[in-house]
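The values are calculated or read from the model by the stated rules, or taken from the named source; none is laboratory data. Here the structure is a predicted model, which is why all the values come from computation and not from measurement. Note that each Cβ is placed from the backbone with ideal geometry, even for glycine, and that neighbours are counted across all protein chains shown. Only protein heavy atoms, including side chains, enter the accessible area calculation; ligands, DNA and RNA are left aside. Shrake-Rupley method; radii C 1.70, N 1.55, O 1.52, S 1.80 Å.
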Amino acid sequence: MEIFYRDKNIEQIDRRSLEELQYKQLIYTLGFALRTPFYKTRLAQSGIYSPADIKSLKDLKKIPFTTKDDLRECYTQGLLSTSIDNVVRIHTSSGTTGVPTVIYHTQEDLNNWTDLVARSITACGVTKKDVFQNMMTYGMFTGGLGLHYGAERIGILVIPTSSGNTKRQLQIMKDFKTTVVHATPSYMFHMYSKLNEYGFKLEDLHLKKAFVGAEPYSENSRKKIEEIFNIDVYNSYGLSEMNGPGVAFECVYKNGMHIWEDSYIVEVIDPKTEEPVKEGAEGELVLTTLKREATPILRYRTRDLALIYKDSCPCERTHRRLSRITGRTDDMLIVNGVNVFPSQIEQVIMEIPEVGNNYMINLSKQGAMDKLTVKVEIYSKLFHGDISELEHLKAKIKDNLRASIIINPNVELHEPGSLPVFELKAKRVEDERPKL
Ligand code: ADP
Ligand code: ZN
């Protein structure tokens, strides 16, 4: 098998040199972190006042964890380490309470991120001869711009279609002979299911590879997508707090995702005891940025569960490999690649006076795509009232939800007392989606 590298020196660096580099970068990162109002206080509470207080990588454990709530509390500038004049872009991700987390990037930060993405897609054997169609949403979502700049850096032709409009996606794929796409697993299945309906045949496409991520999927789903399109599928993991895509990516061997350890320190902990798990065991991923100036993040609790493979990869990269994400330690739902917390939904609907006190969240499949339905009980007076009033209320709930969770939900109004009641902890989420 032909193996491709962007920077062999760093991708095949020996573990000892890698650890030295990580320590050097950790010190560099602490320098930036201590300039942020948040870490200045937080680190002082642990007796860390200067980067020199961390004497080796072993001292990493003296640094307290950072959580999503911490990031939210930092809104807007609590985690900004530099003058806003040095910032060239922000990305935000949605939060449970409507307060987003914000990541600032200097030009240097963007350059480093771009390098990681360029390295990642090169590892899958993509070259400048390919034609890359990026079907992930542009804008605040990092899958759009993140992959975009990384792909441009290797000199590939990039088609920034963004998400949606499947017919147009297919037409462009055909007309411009797209060889590589970036999409969620559900969108790959959706696209396939629409091929014939929109008048295309598989032979019209020139597709060879797909980068697939942003939501969990199984090895079987990978194989299925590979079979139906006759392509290679590479898993890609990232989160906006750590830039976005380019944190961990599969190489041509497709046996787990190399975590770029020159740019991130990865730890796997038991989410309950917060202690490291045994080597190779499953736990919560904790990540530290090593190359970020504007918003350094130390020991971030991702809430993602996974494990790190112990064996080495035939590609001879020394950066360790991450398994598929097997679950979450919180109740975050991923709906067509978009993160949604049940508490966000609750907050929106409970602000509407006509809504009663019971609701359910249902997830199912409509074709290959996820469908989110919010069922709400409304007061009986209303329920037996005017139909147009009901329609109006439904539209209002829908609009308010869409504004908060970004995706378009289905809303059902129910009579009071008709939804299940729970004596103990309410189980309001019904996830009927078959496991991908
Ligand atoms: P994105 O735009 O990629 O959804 P977010 O920061 O909004 O970025 O979401 C990141 C989360 O998405 C991760 O913490 C993880 O739960 C999920 N995720 C991203 N990539 C994958 C993947 N390849 N497999 C499983 N889950 C993933
Ligand atoms: Zn490899």
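Of everything in region 266-291, what is open to solvent by 10 Å² or more (accessible area, probe 1.4 Å) and part of a strand (DSSP E or B)? Give them in sequence order.
Just the residues of region 266-291 that are open to solvent by 10 Å² or more (accessible area, probe 1.4 Å), to begin with: 266-268, 270-282, 291.
Within region 266-291, V266, E267, V268, P276 qualify.
Taking region 314-330 only, how many residues are part of a strand (DSSP E or B) and either within 8 Å of ligand 2 (Cβ to nearest atom) or surrounded by fewer than 18 Cβ atoms within 10 Å (Cβ to Cβ) (or both)?
Taking region 314-330 as the starting set, the residues that turn out to be part of a strand (DSSP E or B) are 321-322, 327-328.
Among the residues that remain, those that are also either within 8 Å of ligand 2 (Cβ to nearest atom) or surrounded by fewer than 18 Cβ atoms within 10 Å (Cβ to Cβ) (or both) are: 321, 327-328.
Qualifying residue count, region 314-330: 3.
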*Any idea which of (1) open to solvent by less than 10 Å² (accessible area, probe 1.4 Å); (2) among the acidic types (D, E); (3) modelled with pLDDT under 95 is the one E261 doesn't satisfy?*
(3)
*Is region 306-313 home to any residue that is within 16 Å of ligand 2 (Cβ to nearest atom), small (G, A, S) and more than 15 Å from E284 (Cβ to Cβ)?*
yes
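Select from region 303-313 the residues that are in contact (Cβ under 8 Å) with a residue 24 or more places away in the chain, touching a Lys or Arg at 6+ places or on another chain (Cβ under 9 Å) and either part of a loop (DSSP other than H, G, I, E, B) or within 11 Å of ligand 1 (Cβ to nearest atom) (or both) and list them in ascending order. Step through it out loud before you land on a result.
Taking region 303-313 as the starting set, the residues that turn out to be in contact (Cβ under 8 Å) with a residue 24 or more places away in the chain are 303-310, 313.
Still in the running and touching a Lys or Arg at 6+ places or on another chain (Cβ under 9 Å): 303-306, 308-310, 313.
Matches in region 303-313: R303, D304, L305, A306, Y309, K310, C313.
Residue under question is K278, and the condition is that it be within 16 Å of ligand 2 (Cβ to nearest atom) and either more than 22 Å from T178 (Cβ to Cβ) or in the same structural domain as D14 (by the TED database) (or both); does it hold?
Details: within 16 Å of ligand 2 (Cβ to nearest atom): no; either more than 22 Å from T178 (Cβ to Cβ) or in the same structural domain as D14 (by the TED database) (or both): yes.
For K278, the condition - within 16 Å of ligand 2 (Cβ to nearest atom) and either more than 22 Å from T178 (Cβ to Cβ) or in the same structural domain as D14 (by the TED database) (or both) - is not met.
State yes or no: is P353 more than 20 Å from the chain's Cα centre (by Cα), away from ligand 2 (no atom under 16 Å from the Cβ) and not assigned by the TED database to the domain that holds L401? Lay out the reasoning, then the answer.
On the way: more than 20 Å from the chain's Cα centre (by Cα): yes; away from ligand 2 (no atom under 16 Å from the Cβ): yes; not assigned by the TED database to the domain that holds L401: no.
For P353, the condition - more than 20 Å from the chain's Cα centre (by Cα), away from ligand 2 (no atom under 16 Å from the Cβ) and not assigned by the TED database to the domain that holds L401 - is not met.
If you check S236 against the conditions, is it assigned by the TED database to the domain that holds C74 and either at pLDDT 95 or above or in contact with a helix residue (DSSP H, G or I) (Cβ under 6 Å, 6 or more places away or on another chain) (or both)?
Numbers: assigned by the TED database to the domain that holds C74: yes; either at pLDDT 95 or above or in contact with a helix residue (DSSP H, G or I) (Cβ under 6 Å, 6 or more places away or on another chain) (or both): yes.
Criteria met by S236.
Would region 43-62 turn up any residue that is assigned to a strand (DSSP E or B) and in the same structural domain as Y28 (by the TED database)? Steps first, please.
Looking only at region 43-62, we keep the residues that are assigned to a strand (DSSP E or B), and these are none.
Looking through region 43-62, none of the residues is assigned to a strand (DSSP E or B) and in the same structural domain as Y28 (by the TED database).
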*Filter region 180-223 down to residues that are surrounded by 18 or more Cβ atoms within 10 Å (Cβ to Cβ), in a helix (DSSP H, G or I) and within 16 Å of ligand 1 (Cβ to nearest atom), then give me how many there are.*
7
*asked:* Please determine whether any residue of region 246-254 is in a loop (DSSP other than H, G, I, E, B) and away from ligand 1 (no atom under 15 Å from the Cβ).
replied: yes
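Out of all the residues in region 347-372, which are free of Cβ contacts under 8 Å to residues at least 40 places away in the same chain and of a type in the set (D, E, K, R)?
First, pick out the residues of region 347-372 that are free of Cβ contacts under 8 Å to residues at least 40 places away in the same chain: 350, 353-354, 357, 366, 371-372.
Within region 347-372, E354, K371 qualify.
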_Tell me the residue from K375, K394, K398 that is without any contact (Cβ under 8 Å) to a residue 60 or more places away in the chain, open to solvent by 60 Å² or more (accessible area, probe 1.4 Å) and in contact with a Leu (Cβ under 8 Å, 6 or more places away or on another chain), please._
K394
*Any hit, region 265-284, residues being in contact with a helix residue (DSSP H, G or I) (Cβ under 7 Å, 6 or more places away or on another chain) and either in contact (Cβ under 8 Å) with a residue 12 or more places away in the chain or more than 10 Å from ligand 1 (Cβ to nearest atom) (or both)*: yes
